[in-house]
Amino acid sequence: MMGHGPQKTLWVAVMDGAKALIYRNAGDAEYPVLKLVEAFKHEGEASHDIGSDRPGRMADQAKHRSALDEGDPHGEAEAAFLAGAMEALNAAAKKGDFDRLLIYASKPALGVIRPHFSAELGERLLDSIALDITHEPVDQIEKRVHAALS
């Protein structure tokens, strides 16, 4: 146990495009004990349920009709979900709910969430690690946190 100064509150965020788990460390750096603070789940719809039945059409200069790219409705829904989870983390950082933060996220999720880091969150961020561990048991995540803090 660290004997210097007040105990720092560590939060650990574990995210991918479908799930975001926010934990508070109730232990210490040597023996992390993660307690769930909040869980966000993205109930993903099938792409055909999100988008329209067929791409839109646009007349081009030669009087032909071209199909328009629909984009990636599934990816956009996941990005919106992750942005919502980051809003909650940014609000918690602003309120001072945690002093330090570790983020584990899949590579695509990290790419989406990084632009959403507020100044307050950035000051508290120990590391953001490209690992998709949302399906790992809590004791495995605690071992990863211990290694990251060592």
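The values are calculated or read from the model by the stated rules, or taken from the named source; none is laboratory data. Not measured: the values here are computed from a predicted model. All Cβ positions, glycine included, derive from the backbone under ideal geometry; neighbour counts span all protein chains shown.
Kindly evaluate Ser150 against the criterion of being surrounded by fewer than 19 Cβ atoms within 10 Å (Cβ to Cβ) and modelled with pLDDT under 95. Spell out the reasoning first.
Values: surrounded by fewer than 19 Cβ atoms within 10 Å (Cβ to Cβ): yes; modelled with pLDDT under 95: yes.
Against the criterion (surrounded by fewer than 19 Cβ atoms within 10 Å (Cβ to Cβ) and modelled with pLDDT under 95), Ser150 qualifies.
Can you pull out every residue in region 8-35 that is surrounded by fewer than 21 Cβ atoms within 10 Å (Cβ to Cβ), touching a residue at least 60 places away in the same chain (Cβ under 8 Å) and part of a strand (DSSP E or B)?
Correct list: Lys19, Arg24.
Considering only region 106-116, state which residues are in contact (Cβ under 8 Å) with a residue 60 or more places away in the chain and either among the hydroxyl-bearing types (Ser, Thr, Tyr) or over 12 Å from Ala85 (Cα atoms) (or both).
Within region 106-116, Ser106, Pro108 meet the criteria.
Residues checked against (1) part of a helix (DSSP H, G or I); (2) touching a helix residue (DSSP H, G or I) at 6+ places or on another chain (Cβ under 6 Å); (3) at pLDDT 95 or above; (4) within 10 Å of Ala13 (Cβ to Cβ):
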| site | (1), (2), (3), (4) |
| --- | --- |
| Met86 | yes, yes, yes, yes |
| Ala91 | yes, no, yes, no |
| Leu101 | no, yes, yes, yes |
| Leu110 | yes, no, yes, no |
| Pro115 | yes, no, yes, no |
| Gly122 | yes, no, yes, no |
| Leu126 | no, no, yes, no |
| Ile129 | no, no, yes, no |
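Going through Ala105, Ala79 one at a time, which residue ends up being of a type in the set (Gly, Ala, Ser), modelled with pLDDT of 90 or more, over 29 Å from Asp139 (Cβ atoms) and touching a helix residue (DSSP H, G or I) at 6+ places or on another chain (Cβ under 8 Å)?
Values: Ala105 fails: over 29 Å from Asp139 (Cβ atoms).
None of the others qualify; the one that does is Ala79.
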